[in-house]
Amino acid sequence: MFRKTYQKEQLFAAILPKSYKENIMKKYAQELTENEFGELQISDDWYPAPLPRNICLGEMTYPDTAYSFATFFSEQKEGFELGFGSGNYGHSIFSAGKQGKIKVGKFVVLECTNIIANLSVTIGDNCMFSWGSVITDSWIHNGNNDVSVRRKMLQDLSSTETRHPEFYNPLPVIIEDNVWVGFDAVILPGVRVGKGAVVGCKTIVSEDVPAYAVVVGNPAKIIKFLNPTDTEQFRLQAIKEFTSY
Ligand SMILES: CC(C)(COP(=O)(O)OP(=O)(O)OC[C@H]1O[C@@H](n2cnc3c(N)ncnc32)[C@H](O)[C@@H]1OP(=O)(O)O)[C@@H](O)C(=O)NCCC(=O)NCCS
């Protein structure tokens with residue numbers, strides 16, 4: 001049997017029936033069907049489990065597969081949001097603890113992206129995350145690297161119901177609009193990536209990235225700044241050029 005991620009279903013049935021049904025059953029890039037328990041499943045999903053009840057999918061979204069939520073244990077109202085036109089391509093993983101919330105804006109591409117939220121990961125609009133990128137707001141150990149502590153943690157894990165480790169000291173992660181993140185890049189707890197920035201492949205971001213910066217390497221270093229071509233001034237200029245043809 002598949003691991004159940006919604007033992008909390010009764011809880012959410014009590015507090016979220018409207019949000020679940022009204023927000024989810026709109027218009028999708030993938031067809032959703034309701035099973036006999038009133039849970040929604042993605043049609044033709046290779047992982048035949050329902051979607052968690054406390055997620056909110058915007059119109060024209062592509063959630064891909066319920067497997068992405070196999071370790072989604074959020075008990076927050078709207079613990080996961082996927083904005084209009086956004087998609088999860090290539091089995092991204094949305095891993096969340098009870099307090100975790102993941103919010104993804106409009107027209108976002110998540111390609112094999114791992115998002116770990118035990119507090120909050122917030123992604124703006126028009127962002128792209130390439131293969132293997134990881135965004136985490138927390139770590140699985142409390143800073144004590146002692147061998148016996150680490151060994152005990154893994155052994156204790158084998159007897160828990162969810163087999164989901166405890167995460168410590170989460171710090172919110174914010175990715176602002178129009179950010180592109182290269183493959184295998186890692187964005188660490190507490191980081192804010194400013195609007196329009198680019199994070200190079202294999203880059204490890206442990207500090208805030210200013211808007212429109214291009215950062216590469218480990219630790220991330222700024223190599224240049226881009227023109228802020230997503231501003232109102234550039235938008236008006238583009239309209240002017242377009243209408244002058
Ligand atoms: C970050 C990136 C956009 C920079 O491209 P660029 O502006 O053309 O930069 P350059 O190639 O001129 O490189 C500038 C310097 O940064 C270094 N550099 C570039 N990308 C780097 C990276 N990811 N990690 C480490 N160093 C990097 C270059 O070696 C060069 O160093 P030098 O000045 O000592 O010679 C690009 O290198 C990158 O990583 N793209 C993401 C690719 C990706 O993941 N694609 C998947 C989605 S399709």
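The values are calculated or read from the model by the stated rules, or taken from the named source; none is laboratory data. Treat the numbers as computed from the prediction; the structure is a model and nothing was measured. Positions of Cβ are generated from backbone atoms using ideal geometry, with glycine treated the same way; all protein chains shown enter the neighbour counts.
Residue under question is I204, and the condition is that it be closer than 18 Å to T113 by Cα and out of contact with any Pro (no Cβ under 7 Å at 6 or more places or on another chain); does it hold? Step through it out loud before you land on a result.
Working: closer than 18 Å to T113 by Cα: yes; out of contact with any Pro (no Cβ under 7 Å at 6 or more places or on another chain): no.
It is false that I204 is closer than 18 Å to T113 by Cα and out of contact with any Pro (no Cβ under 7 Å at 6 or more places or on another chain).
Restricting attention to the range 81-102, does a residue exist that is surrounded by 15 or more Cβ atoms within 10 Å (Cβ to Cβ) and more than 20 Å from L51 (Cα to Cα)?
The answer is no, given that none of the residues of the range 81-102 is surrounded by 15 or more Cβ atoms within 10 Å (Cβ to Cβ) and more than 20 Å from L51 (Cα to Cα).
Name the residue, out of T65, T71, that is within 23 Å of E31 (Cα to Cα), in contact (Cβ under 8 Å) with a residue 40 or more places away in the chain and of a type in the set (V, I, T).
Details: T65 fails: in contact (Cβ under 8 Å) with a residue 40 or more places away in the chain.
Sole residue among the options that is within 23 Å of E31 (Cα to Cα), in contact (Cβ under 8 Å) with a residue 40 or more places away in the chain and of a type in the set (V, I, T): T71.
Just for strands (runs of 3 or more DSSP E) wholly inside the range 70-124: which have at least 2 residues that are closer than 14 Å to G58 by Cα?
Details: elements: 80-82, 87-89, 93-96, 101-104, 109-111, 114-117, 120-123.
Here the list reads 80-82, 87-89, 101-104.
How about the range 104-124: which of its residues are surrounded by fewer than 24 Cβ atoms within 10 Å (Cβ to Cβ), touching a Ser or Thr at 6+ places or on another chain (Cβ under 9 Å), in contact (Cβ under 8 Å) with a residue 24 or more places away in the chain and not hydrophobic (A, V, I, L, M, F, W, C)?
Initially, the range 104-124 is screened for residues surrounded by fewer than 24 Cβ atoms within 10 Å (Cβ to Cβ), giving 105-107, 109, 111-112, 114, 119-120, 122, 124.
From the residues that got through so far, the ones that are touching a Ser or Thr at 6+ places or on another chain (Cβ under 9 Å) too are 105-107, 109, 111-112, 114, 119.
Cutting the leftovers down to in contact (Cβ under 8 Å) with a residue 24 or more places away in the chain gives us 105-107, 119.
Residues satisfying the conditions are G105, K106.
Sort through S148, S120, S133 and tell me the only one that's over 10 Å from the mean Cα position of the chain (by Cα) and within 23 Å of L171 (Cα to Cα).
On the way: S148 fails: within 23 Å of L171 (Cα to Cα); S120 fails: over 10 Å from the mean Cα position of the chain (by Cα).
Just a single option satisfies the conditions, and that option is S133.
Taking interchain pairs and intrachain pairs at least six residues apart, which have beta carbon atoms under 6 angstrom, with the first residue in the range 202-214 and closer than 14 Å to K224 by Cβ and the second among the hydrophobic types (A, V, I, L, M, F, W, C) and away from the ligand (no atom under 12 Å from the Cβ)?
From residues that are closer than 14 Å to K224 by Cβ, the pairs are V209/V193.
Could you run through the range 186-203 and say how many residues are surrounded by 19 or more Cβ atoms within 10 Å (Cβ to Cβ), farther than 18 Å from N126 by Cα and either within 8 Å of the ligand (Cβ to nearest atom) or modelled with pLDDT under 95 (or both)?
1
What are the pairs with Cβ atoms under 7 angstrom where one residue, in the range 35-58, is in a loop (DSSP other than H, G, I, E, B) and the other, located anywhere, is surrounded by fewer than 21 Cβ atoms within 10 Å (Cβ to Cβ) and among the basic types (K, R)? Sequence gap at least six, or different chains.
Note: pairs meeting the criteria are N54/K77.
Is it the case that V214 is touching a Phe, Trp or Tyr at 6+ places or on another chain (Cβ under 8 Å), within 13 Å of the ligand (Cβ to nearest atom) and of a type in the set (A, V, I, L, M, F, W, C)? Walk me through how you get there before you give the answer.
Working: touching a Phe, Trp or Tyr at 6+ places or on another chain (Cβ under 8 Å): yes; within 13 Å of the ligand (Cβ to nearest atom): yes; of a type in the set (A, V, I, L, M, F, W, C): yes.
Criteria met by V214.
Just to be sure I understand, how many residues within the range 183-227 are assigned to a loop (DSSP other than H, G, I, E, B), of a type in the set (G, A, S) and in contact with a strand residue (DSSP E or B) (Cβ under 6 Å, 6 or more places away or on another chain)?
5
Which pairs have Cβ atoms under 7 Å, sit 6 or more apart or on different chains, and link a residue in the range 146-164 that is in a helix (DSSP H, G or I) to one that is of a type outside the set (A, V, I, L, M, F, W, C)?
Going by the 7 Å Cβ cut-off, the qualifying pairs are R150/H141; M153/H141; M153/P165; L157/R163; L157/P165.
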